[in-house]
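Below you'll find the structure, written out as structure tokens, and then a few comments.
The values are calculated or read from the model by the stated rules, or taken from the named source; none is laboratory data. A quick note: this is a predicted structure, and the numbers were derived from the prediction, not measured. A quick note on method: Cβ atoms are made from the backbone with ideal geometry, for glycine too, and the neighbour counts reach across all protein chains shown. Each accessible area value is taken on the protein alone, full model and side chains, heavy atoms only, with ligands, DNA and RNA left out. Shrake-Rupley method; radii C 1.70, N 1.55, O 1.52, S 1.80 Å.
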Amino acid sequence: QVQLVESGGGLVQTGGSLRLACAASGRTSSVYFMGWFRQAPGKEREFVAAVMWRDPITYYEDSVKDRFTISRDNATNTVYLQMNSLTPEDTATYYCAAGRYWTNYRSAREYDYWGRGTQVTVSS
């Protein structure tokens, strides 16, 4: 079992920045990759970014590429999502997730553990 707790969400103006953090605990040795997803009201949960835990290779959804940066700190079992140049389209609940196997990092169903989410609201 792996527990994930997100933090760092909040309300920002268009063009602002936020840094989300996801602290992992429990059987963290089983984690192979971690990702961030987001879900806006009335929309499906969508992939945002992912990082391999052992080799820090990163992946991004096209809509956030060059604006968001995912990183991980092995010493603290924490993954971060730095979000810059935020727009109202980024408003959503952001979820941290961890997977035990490498398959399709863009698919939510491939992740085994999920946090409760943190709300990000970007006002215009």
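The residues on offer are Val120, Val51, Val79, Val12, and the sole one that is in contact with an Asp or Glu (Cβ under 7 Å, 6 or more places away or on another chain) and of a type in the set (Val, Ile, Thr) is Val120. Any residue at all in the stretch 78-100 that is open to solvent by 10 Å² or more (accessible area, probe 1.4 Å), more than 23 Å from Gly15 (Cα to Cα) and free of Cβ contacts under 8 Å to residues at least 12 places away in the same chain? No, that holds for no residue. Scanning the stretch 93-108 for residues that are within 8 Å of Phe37 (Cβ to Cβ) and not in a strand (DSSP E or B) yields one hit, Ala108. Scanning the stretch 101-117 for residues that are open to solvent by 50 Å² or more (accessible area, probe 1.4 Å) and within 12 Å of the chain's Cα centre (by Cα) yields Arg106, Trp114, Arg116.
Arg45 meets all of the listed conditions (1) open to solvent by less than 80 Å² (accessible area, probe 1.4 Å); (2) within 12 Å of the chain's Cα centre (by Cα); (3) closer than 19 Å to Arg106 by Cα but one, namely (1).
The residues of the stretch 14-38 that are surrounded by fewer than 18 Cβ atoms within 10 Å (Cβ to Cβ), more than 11 Å from the chain's Cα centre (by Cα) and under 17 Å from Val64 (Cα atoms), listed by number, are Thr14, Gly15, Gly16, Ser17. The single condition from (1) assigned to a loop (DSSP other than H, G, I, E, B); (2) closer than 15 Å to Glu6 by Cβ; (3) open to solvent by less than 70 Å² (accessible area, probe 1.4 Å) that Val120 fails is (1).
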